[in-house]
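Each remark here refers to the structure printed beneath this line.
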Amino acid sequence: MNKKLILATFIPLLLIFGLFFLVRKSSIRTYNFERTHQPSKLGILQTVSNAGVYEIKVHNDRLYGTDLKAIYLVEFPSMKRRIVSELLTQPIIGWGFHYDTILAAIANTRTIYYINPKGKYEPYQKFTFAVKKIFIANDSIILLKASDTSFINDEFYSFNLNSKKIIKLIDNLQKFNDGGFATDGDFIDSKDKIIYFQFNMGRYSVIDKKDMIFLSNLSTIDHNESPPPVIHFASQGFRLDEKFSKTNITGFVKDSSLYLFSNAFSNEEYYHGAHRNEYPIDVYDLKTHAYKYSFQIPKNTISKGALMTVTLWGNRLFLIYSRKIIIGEI
Amino acid sequence: MLIKKYFQVYHLFVRIVLIFLFVYAAVSKAIIFRQFLIQLSESPLIPIYLVSFSGVFIILLELFICGLLMTEKYAYLGLLASYSLMLFFSAYMIYILKFAPSIPCACGGILGHLDHSYHLVFNIIITLLIIPLLIFNPDRLRVSSS
């Protein structure tokens with residue numbers, strides 16, 4: 001057997017094994033985040049395996065997560081989790097903190113629950129309508145009322161936790177709501193404001209936390225103004241004619257900048273190089289509502305699952321995959 | 001004699017394919033060098049302090065192997081180096097597909113647009129093309145000019 005051939009076979013394999021053990025030895029993974037137009041390194045990422053949670057909220061500098069069936073307190077940096085609520089068979093559709101009490105809305109109910117110290121769900125407030133989404137802001141909860149027939153007529157309400165008064169919010173979303181796309185979104189907390197972004201449209205709304213009014217409705221750089229086509233059925237409301245991916249997935253606010261985890265690359269942020277492995281996070285100035293820049297985060301994982309959401313805790317950016325969490329600093 | 005002639009044609013064909021492949025890969029990486037470094041930095045097997053070095057080293061290595069393949073004297077060495085590099089890339093791809101937390105692709109040009117599985121198959125095919133030339137050293141099979 002040709003000795004040179006044997007050497008040429010084993011050297012690259014040894015090199016790969018060497019690199020593998022070198023990387024395994026140090027568990028720190030480093031990514032370069034790059035601004036679209038002005039490249040700069042944004043962070044060091046640390047990989048934490050198998051944490052299993054995919055939505056994280058921060059309260060009193062502690063991390064809480066949910067897998068939609070239960071709420072967990074997550075230790076950092078070990079990412080071990082301790083269950084703080086009983087395990088449900090129905091998914092939790094919204095949850096948050098009112099002081100130290102966890103309030104949660106559960107799918108297919110008309111009730112907001114609180115979690116008692118033993119972790120049991122206790123009814124907190126009953127409503128005459130099904131609650132679709134909740135967001136707790138100071139002493140109020142913003143509720144998304146699910147209409148009985150379809151979500152074309154979903155409406156936002158504000159429920160004051162002290163006075164128990166419920167007020168319908170006047171939103172500026174109706175003209176975008178063909179198909180319910182304007183109300184199909186999620187909330188982001190931002191000091192005195194609340195951001196409501198639409199999943200399937202390149203838009204977001206700003207809500208005043210004190211007065212509970214919709215201040216503005218703005219376009220993102222993704223230019224996805226029109227919702228995908230829908231088929232209307234007079235008797236059954238409507239349904240979509242095909243599956244489509246979300247435009248905005250989630251977001252967070254830091255230093256008066258809105259970071260929107262988007263599923264779309266616009267012409268403004270596209271630059272040379274395929275982005276098949278990356279999602280963009282588009283950054284907007286919340287004072288001027290101007291687009292600032294974008295940076296990319298890894299999109300797919302092979303053995304660890306798909307990127308599901310992104311959460312910020314202080315300067316730590318949590319990239320939450322279905323079976324893995326990557327933590328970065330921005 | 002006929003087999004030797006065919007083998008020499010095959011030898012020349014593989015060398016041309018490899019030269020084209022490495023020049024194309026090196027140039028396309030060099031053109032988007034900044035992007036190439038970012039993609040390398042996302043590689044789970046390359047520590048961050050080796051990213052810049054690896055980026056330059058890979059491009060220079062590919063061009064160096066091209067140089068070896070272009071000369072008659074060092075063609076065998078070039079084939080050995082090509083085989084090693086392609087084997088390395090194949091093992092890397094297998095690792096990426098099997099174990100990596102993300103699937104970065106730092107390959108330049110059209111190769112970067114290939115699906116990772118097809119890319120691995122392509123690498124393996126190129127590796128297999130080289131093996132006969134290493135087992136049967138074409139120097140020994142050189143057709144006599146007389």
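The values are calculated or read from the model by the stated rules, or taken from the named source; none is laboratory data. The model shown is predicted, which means the values in this text are computed figures rather than measured ones. Every residue, glycine among them, receives a Cβ derived from its backbone with ideal geometry; neighbour counts consider all protein chains shown. Note: accessible area is taken over every heavy atom of the protein model, side chains too, but ligands, DNA and RNA are not part of it. Shrake-Rupley method; radii C 1.70, N 1.55, O 1.52, S 1.80 Å.
Quick notes on this structure:
- Heavy-atom accessible surface of the range A:108-164: percent carbon and sulfur, 1.4 Å: 46
- FRET efficiency for the A:LEU14 to A:SER256 pair, using the beta carbon distance and R₀ = 56 Å, is estimated at 0.60.
- Per-residue ³J(HN,Hα) for the range A:248-254, Karplus 6.51 cos²θ - 1.76 cosθ + 1.60, θ = phi - 60°, Hz, x for Gly and Pro: 10, 9, 6, x, 7, 10, 8
- Pairs from the list A:LYS126/A:LYS168; A:LYS57/A:LYS210; B:LYS4/B:LYS29; A:LYS133/A:LYS254; A:LYS80/A:LYS292 with a Cα-Cα gap above 28 Å: B:LYS4/B:LYS29; A:LYS80/A:LYS292.
- For A:TRP313, the residues whose modelled amide H falls within less than 5 Å of its own, excluding neighbours fewer than 5 places apart on the same chain, are A:PHE318.
- Take each peptide in A:207-217, A:65-75, count the other Cβ atoms within 10 Å of every residue, and average; sorted highest first, the result is A:65-75, A:207-217.
- When the other protein chains are added to the chain by itself, burial of at least 40 square angstrom of heavy-atom accessible area (probe 1.4 Å, ligands and nucleic acids ignored) affects these residues of the range A:1-23: A:ASN2, A:LYS4, A:LEU5, A:ALA8, A:PRO12, A:ILE16, A:LEU19, A:PHE20, A:LEU22, A:VAL23.
- Scanning residues 5 or more positions from A:SER140 or on other chains, those with amide H under 5 Å from its amide H are A:LEU161, with H placed 1.01 Å from N in the peptide plane.
- Residues whose amide H falls under 5 Å from that of A:ILE297, counting only those 5 or more places apart or on a different chain, are A:TYR279, A:ILE281, with hydrogens built in the peptide plane.
- Vicinal HN-Hα couplings computed from phi for the range A:164-173 (Karplus, 6.51 cos²θ - 1.76 cosθ + 1.60; Hz; Gly/Pro x): 6, 7, 10, 10, 6, 7, 8, 9, 10, 10
- Estimated buried accessible area (total), pair A and B, 1.4 Å, Å² to nearest 100: 3200
- Approximate spin-label separation A:LYS69-B:PHE33, in nm, with each point projected 7 Å along Cα-to-Cβ: 5.3
- Derived scalar couplings ³J(HN,Hα) [the range A:202-217; Karplus, 6.51 cos²θ - 1.76 cosθ + 1.60; whole Hz; x for Gly, Pro]: x, 9, 8, 10, 10, 10, 6, 6, 6, 8, 6, 10, 6, 7, 7, 10
- Inter-chain shielding of B:72-82 (mean C-beta neighbours from other protein chains, 10 Å cut-off): 1
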